[in-house]
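The next block holds one structure in the form of structure tokens; read it before the comments.
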Amino acid sequence: MDNEEAKALVRRGYDELSARYDEAYGSETKYGDWLQALLTQLPVRAQVLDLGCGSGVPVAKVLAEAGHLVTGVDISEVQVARARERVPAATFLQADATTLDLAADSFDAIVSFYALIHIPVDEQEALLQRIGTWLRPGGSFVATIGSGAWTGSEENWLGGDVPMWWSQADTATTRTWIENAGLAIDRQEFVAEGTSGHTLIWARRP
């Protein structure tokens, strides 16, 4: 399957199972500690990009309620429509993250939880380079990335009638891409999920 076919699979999966995804992963309460830590780093009325925003909860909701100016981007039209309803104070765009045209030095923080792993691995390095330019000096980048290298799909994802697709490099490779994008990595932690997991990265633009 080529990259565009893979992205179409991801888009369709989230279009079909947006609400079920929220139910399965507790959208109202997940990422609580991560978001509280991020809030301590943000200036007043920070400009924040939520890359792979899903239905807007909890990331865009928590940040907007704290007075920050949030722009959410997601490949799924259904996810974006739900986000606009749930978080009217934020701005949401339906777009492929790899084709986004955003101005340099636009954001005080960029957040991407469980979204990079749905982007073809051979497009991730270029996207991270662009993320490095979108951040303002001193800006934060917080993201979940792959722990081990893997590309594959799952049929009947979340018990539905559609598949889902993922693609990721290992942590060391993605760390190198982040550093090559001009970002300094402050810390990382392994996020266990069943018998596997992902890596949470905290980085900043010097």
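Ellipticity at 222 nm from helices only: DSSP H runs of n ≥ 4 in the chain, each -39500 (n - 2.57), divided by the residue count, give -11000 deg cm²/dmol. If you sort the three axes of the alpha carbon gyration tensor as a ≥ b ≥ c, you get a/c of 1.5 or more for the range 52-143 and a/b no higher than b/c, which makes it oblate.
For the chain, give the percent of accessible area contributed by carbon and sulfur heavy atoms, probe 1.4 Å, rounded to a whole number. Whole-percent figure for carbon plus sulfur exposure: 48. With contacts taken as Cα pairs under 8 Å at a separation of at least 6 residues, the range 60-123 carries a relative contact order of 28 percent. Take the range 85-206, compute every pairwise Cα distance, and split them into 5 Å bins from 0; I just need the percent in each bin. Cα pair-distance distribution for the range 85-206, in percent: 2, 10, 19, 23, 19, 14, 9, 4, 1, 0. Over the range 81-206, what is the mean sequence separation of C-alpha contacts under 8 Å (at least six apart), divided by residue count, expressed as relative contact order in percent? RCO, the range 81-206: 25 percent. Fully extending the segment from R136 to R84, taken as 0.36 nm per residue of separation minus the present Cα-Cα distance, adds 16.1 nm. Placing a label point 7 Å from the Cα of Q129 along the Cα-to-Cβ direction, the residues of the range 151-191 whose backbone N falls under 15 Å of that point are 176-183.
A Cβ-based charge dipole, computed about the Cα centre of the range 110-206 with Lys and Arg at +1 and Asp and Glu at -1, lands at about 620 debye.
Across q = 0.08, 0.11, 0.13 Å⁻¹, the chain modelled as identical point scatterers on its alpha-carbon atoms has Debye log10 I(q)/I(0) values of -0.24, -0.46, -0.67, in the order of the q list. Solvent-accessible surface of the chain, averaged per residue with a 1.4 angstrom probe and all protein chains in place: 45 square angstrom.
The values are calculated or read from the model by the stated rules, or taken from the named source; none is laboratory data. Because the structure is predicted, anything quoted here is derived from the model rather than measured. When we count neighbours, we look across all protein chains shown, and the Cβ atoms used for this are built from the backbone with ideal geometry, even at glycine. Side chains included, ligands, DNA and RNA excluded: accessible areas come from the protein's heavy atoms. Shrake-Rupley method; radii C 1.70, N 1.55, O 1.52, S 1.80 Å.
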